[in-house]
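**Q** Quick one: the structure is below, and I'll ask about it shortly.
The values are calculated or read from the model by the stated rules, or taken from the named source; none is laboratory data. Bear in mind that the values here come from a model prediction, so they are computed numbers and not experimental data. A quick note on method: Cβ atoms are made from the backbone with ideal geometry, for glycine too, and the neighbour counts reach across all protein chains shown.
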Ligand SMILES: NC(=O)c1ccc[n+]([C@@H]2O[C@H](COP(=O)([O-])OP(=O)(O)OC[C@H]3O[C@@H](n4cnc5c(N)ncnc54)[C@H](OP(=O)(O)O)[C@@H]3O)[C@@H](O)[C@H]2O)c1
């Protein structure tokens, strides 16, 4: 059995991860084990370590964090032998909130990680692990917010991808009258949301800092992008929606500063569906102007057939280049020793990039 090493948070709010040996865990039904090759850091890692949220009791430590991983399959439970084999290159969403027999085997900041279906997809041979690892948590968050019935309940991308000509027609012609506003499109969860909505056939308008508008429009294919710091933002967004149907808002930031203008836009845009999918727990209580705010925390998305279908679709769409690894990865260093550095950098804030460590 391989020996494993992990970046441990030894006690609640300990500011320094310690690299030490960790148990190697065998896969159960619907699980596989991978040798991690790249991990990405997320606001949840910062929140757990610095603020002590989510893992709130002393008994939950020592803990291993990490929600995104890419690597090579080393062991497949027989229940998945039709889908995966040793050596496959995959990405997966992990969670530091789950353990098996008290072991943090489902967290990504370690050399051997247990991945659980459905949040696993094979990646193309030529795709770098450090690029692909930016996707898993962002994908699950955006997909649940956009497609789960408890959130926006939008139609999902077709399994047959449209031709470029159809895409242009859908965005600007008849189909383009259905518009989704993605607030915070340059973030990780926002970048996935823009791509998913576009591939599902919606026109997307977005917000981001001006320096990221080219990325949001050219790489993610939003039709328009507005600067969230523009005092005339609400007027400009409402004007841009003339003759179109706003099907809701995906607020990838979900603070008071974003939800207030989001509710105002939904109130003022003629015929808009007054519905917001938000990404922070408790946002439901922040609704105003008759708008309903939902969050993906109320969905059963990951356990549903919808998640499996979308991860299968992601695998196919990565193969043909239809889904991009965005925002771009910035590699902080090589080795688990660099995970703390990446988490500390993320705590200071990033713009349109995902901090990654290769393992
Ligand atoms: N619900 C869930 O399941 C779930 C899962 C993952 C993350 N989250 C939460 O989702 C949020 C985003 O996570 P992330 O990993 O995507 O973050 P991130 O990529 O680290 O966020 C950085 C980005 O946020 C954008 N941003 C910040 N304030 C903004 C504002 N007022 N308006 C528009 N854009 C703004 C910045 O855009 P510019 O640089 O262009 O200004 C920057 O590109 C976090 O609060 C996180 O905790 C929730």
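**Q** Are any residues in the range 347-359 without any contact (Cβ under 8 Å) to a residue 24 or more places away in the chain and more than 8 Å from the ligand (Cβ to nearest atom), and if so, which ones?
**A** Filtering the range 347-359 down to residues without any contact (Cβ under 8 Å) to a residue 24 or more places away in the chain leaves 348-350.
348, the sole residue that qualifies.
**Q** Could you tell me how many of the residues in the range 102-125 are over 15 Å from residue 32 (Cα atoms) and either free of Cβ contacts under 8 Å to residues at least 60 places away in the same chain or touching a helix residue (DSSP H, G or I) at 6+ places or on another chain (Cβ under 6 Å) (or both)?
**A** Residues that pass the stated criteria total 5.
**Q** Among all residue pairs at least 6 apart or on different chains, which show Cβ distances below 6 Å where the first residue, located in the range 45-64, is touching a residue at least 60 places away in the same chain (Cβ under 8 Å) and the second is surrounded by 14 or more Cβ atoms within 10 Å (Cβ to Cβ) and part of a helix (DSSP H, G or I)?
**A** 45/343; 46/343; 46/346; 46/347
**Q** What residue, of 240, 254, 229, is assigned by TED's automatic domain parsing to the domain that holds residue 296, over 14 Å from residue 191 (Cα atoms) and out of contact with any strand residue (DSSP E or B) (no Cβ under 8 Å at 6 or more places or on another chain)?
**A** 229
**Q** Quick one: count up the residues across the range 185-213 that are within 9 Å of the ligand (Cβ to nearest atom), in a helix (DSSP H, G or I) and touching a helix residue (DSSP H, G or I) at 6+ places or on another chain (Cβ under 6 Å).
**A** 3
**Q** Could you list, in sequence order, all residues of the range 224-261 that are part of a strand (DSSP E or B) and touching a residue at least 60 places away in the same chain (Cβ under 8 Å)?
**A** If the condition is that a residue be part of a strand (DSSP E or B) and touching a residue at least 60 places away in the same chain (Cβ under 8 Å), then 245, 246, 247, 248, 249, 250, 251 are the ones that fit.
**Q** Can you tell me which of (1) in the same structural domain as residue 72 (by TED's automatic domain parsing); (2) in a helix (DSSP H, G or I); (3) crowded, with 18+ Cβ neighbours inside 10 Å is the one residue 352 doesn't meet?
**A** All conditions are met except number (2).
**Q** Given 267, 344, which one is in a helix (DSSP H, G or I) and within 16 Å of the ligand (Cβ to nearest atom)?
**A** Working: 267 fails: within 16 Å of the ligand (Cβ to nearest atom).
So the residue among 267, 344 that is in a helix (DSSP H, G or I) and within 16 Å of the ligand (Cβ to nearest atom) is 344.
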